[in-house]
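All remarks here apply to the structure that follows.
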Amino acid sequence: HHHHHHHHYYYHYYYMFFPNHSLYKNPFLESFEETPLLVAVLTYMGYGILTIFGYLRDFLRHWNIEKCHVAREREEQKDFVPLYQDFENFYTRNLYMRIRDNWNRPICSVPSAKMDLVERVSHDYNWTFEHTGKVVKEVINMGSYNYLGFAENSGACADAALESTRKYGVGVGSTRCEIGNLDIHEELEQLVARFLGVESSMAFGMGFATNSMNIPALVSKGCLILSDELNHASLVLGARLSGSTIRVFKHNNMQSLEKLLRDAIVNGQPRTHRPWKKILIVVEGIYSMEGSIVRLPEVIALKKRYKAYLYLDEAHSIGALGPNGRGVVDYFGLDPKDVDIMMGTFTKSFGAAGGYIGGKKELIDYLRCHSHSTLYATSMSPPVAQQIITSMKLIMGEDGTTLGVERVRQLSENTTYFRRKLRDMGFIIYGNDDSPVVPMMLYMPAKIGAFGREMLKRNIGTVVVGFPATPIIESRARFCVSAAHTREMLDTALGAISEVGDVLQLKYSRREKPLPPLAWMAEESLLQD
């Protein structure tokens with residue numbers, strides 16, 4: 001009888017929960033076009049050649065035939081423990097070093113829709129850089145997470161931040177529990193809770209730490225974390241610090257998540273088979289390397305069906321998605337009370353710094369006395385808090401204008417326009433049609449540096465990303481659309497991207513292209529002549 005009963009129980013959970021389109025009010029369009037086979041082969045070959053030459057050059061350096069600045073031991077250190085692991089450094093020496101000029105560029109203005117860069121040169125193959133004393137002016141910024149254009153040095157937010165600096169100063173030399181709890185912090189937290197539509201909220205001075213220090217306060221040994229394979233480093237670190245068991249499901253794949261949930265409930269903990277104390281599903285709103293949006297309606301349906309908890313990281317989606325700029329919950333028209341832990345940062349859409357956690361009052365009260373980032377971290381700087389309050393009130397329309405709502409609308413228009421144009425040009429673009437993060441595939445290692453440099457020659461600042469931030473063959477350029485971008489800026493950028501795309505042959509897409517409108521036809525034929 002017991003045996004039979006067990007089977008019945010197992011069977012009861014066995015119907016799969018397939019994508020339920022009734023859960024979505026609007027079409028949910030995401031695309032991750034397959035890498036064309038030839039491109040993949042050539043990419044692997046490129047890495048192969050780089051590796052062979054890398055080893056060859058290392059061999060020559062070893063015999064002092066080639067002189068080169070390398071991270072390696074000085075003669076005097078021969079007898080000590082080696083500081084530099086050979087293979088870890090192999091990649092840095094032979095790939096990253098050659099294109100290092102694309103990162104850490106010094107900027108000498110507000111990084112808003114346009115910015116000024118300090119010009120720099122290297123005389124020793126990118127080992128060190130020196131400034132030439134010139135400034136590259138008016139570079140169009142396609143890289144900052146400035147979704148709503150709040151990275152400004154003038155206007156309502158900047159003025160309010162200045163005012164609060166005059167009142168409170170810049171630093172608060174204490175933690176929230178001691179002498180660092182200002183009225184402005186309390187005001188901020190009440191506003192955030194109202195903005196999110198939750199009972200209570202708590203703000204932290206650093207976005208990364210909001211994840212890495214609060215997850216360990218919420219789950220511990222004997223709990224299970226189900227984490228999306230593309231979750232951000234801060235979530236991964238938090239999960240590891242917590243001591244919970246971590247299981248990873250395929251990116252945004254609901255079948256994979258459901259299978260893990262069902263296994264967790266049927267089998268319980270390893271060896272003892274006791275039930276898990278808690279099961280926590282951890283997802284992000286927008287994935288900042290893929291440009292995909294979480295399938296939240298399905299995640300919530302699964303979470304309710306299997307009685308799990310949900311931790312939603314809205315670093316890139318808060319402010320940037322939804323008709324009212326209130327993130328993915330707003331975008332899908334769902335109830336914020338269905339998400340147990342709402343997390344997000346103020347770094348991106350609000351043009352400030354720090355992060356928040358929102359949820360039920362009991363949850364937030366618990367975190368106030370158990371979270372490391374409350375007990376050990378200095379509280380948020382007053383001008384930063386004020387910047388968030390002012391920008392959030394703008395978005396909510398509580399300043400009595402429609403400026404905030406217009407920014408949210410502008411961002412969504414810019415996103416649609418920019419994505420559509422890139423697609424039509426024949427680039428492979430990842431992610432959701434509504435996501436302001438736009439990854440464009442480069443694939444080949446040599447094209448990473450070339451794309452960044454060619455774009456800068458045309459006065460456009462872009463972010464290029466390769467291994468280890470992405471899988472080794474999926475190097476990409478990542479554009480972030482902002483409400484501050486005018487249509488002219490976007491067109492200038494698109495023109496340059498198209499031009500560089502032709503030079504570097506980046507138009508990999510194999511999808512059927514729509515027929516170009518007549519106006520373009522004339523130009524195209526001129527170009528072909």
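The values are calculated or read from the model by the stated rules, or taken from the named source; none is laboratory data. What you see is a predicted model, and the numbers here were worked out from it, not measured in a lab. Ideal geometry is used to build each Cβ from the backbone, glycine not excepted, and the neighbour counts take in all protein chains shown. Accessible surface is based on the protein model in full, side chains and every heavy atom, while ligands, DNA and RNA are left aside. Shrake-Rupley method; radii C 1.70, N 1.55, O 1.52, S 1.80 Å.
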Item to complete: Whole Å is fine, so just give me how far the alpha carbon centre of region 151-192 lies from that of region 283-322.
Response: 29
Fill in: aspartates and glutamates whose Cα lies under 15 Å from that of Lys278, excluding same-chain neighbours fewer than 8 positions away
Asp263, Asp340
Item to complete: Using only the alpha carbons, work out the radius of gyration and Dmax of region 237-344 in angstrom.
Response: 14.4, 48
Item to complete: May I ask for log10 I(q)/I(0) of region 305-463 at q = 0.10, 0.19 Å⁻¹, from a Debye sum over the Cα atoms as equal point scatterers with solvent left out?
Response: -0.52, -1.27
Worksheet item: log10 I(q)/I(0), Debye, Cα-only region 174-316, no solvent, q = 0.15, 0.20 Å⁻¹?
Response: -0.82, -1.26
Worksheet item: Using the per-residue mean of other Cβ atoms lying within 10 Å as a proxy for protection, in what order, highest first, do the peptides 98-109, 51-62, 248-259, 436-447 fall?
Response: 436-447, 248-259, 98-109, 51-62
Worksheet item: How do Trp63, Trp127 rank by accessible surface area computed with a 1.4 Å probe, from largest to smallest?
Response: Trp63, Trp127
Item to complete: Could you compute the FRET efficiency for Glu138 and Cys177, with r as their C-beta to C-beta distance and R0 at 56 Å, rounded to 0.05?
Response: 0.75
Worksheet entry | 5 angstrom amide H check on Ile225, placed H, neighbours 5+ away | Thr245, Ile246, Arg247, Leu280
Item to complete: Given the peptides 416-426, 152-162, 207-217, arrange them by the average over their residues of other C-beta atoms within 10 Å, most packed first.
Response: 207-217, 416-426, 152-162
Worksheet item: In whole Å, what are the Cα extents of region 380-455 along the three principal axes, biggest one first?
Response: 48, 30, 20
Worksheet entry | Within the chain, percent of DSSP bridges classed antiparallel, to nearest 5 | 60
Discussion item. With a 1.4 Å probe and all protein chains left in place, how much of the accessible area of the chain comes from carbon and sulfur atoms, in whole percent?
Written reply: 58
Worksheet item: Looking at (1) 25.5; (2) 28.9; (3) 24.0, which value of Kirkwood radius over Cα pairs in Å comes from a calculation on the structure shown?
Response: (1)
Discussion item. Charges on Cβ only, +1 for Lys and Arg, -1 for Asp and Glu, centred on the Cα centroid of the chain; of Cys369, Pro436, Ser349, which one is farthest towards the dipole's positive end?
Written reply: Cys369
Worksheet, complete the sentence: Counting every C-alpha pair in region 105-248, the percent lying more than 27 Å apart is 51
Worksheet item: Using helices alone, what [θ] at 222 nm do you get for the chain, with -39,500 (n - 2.57) per DSSP H run of 4 or more residues, divided over all residues and rounded to the nearest 500?
Response: -13000 deg cm²/dmol
Discussion item. With every protein chain kept in place and ligands, DNA and RNA left out, what is the accessible area per residue of the chain? Probe 1.4 Å, answer in Å².
Written reply: 50
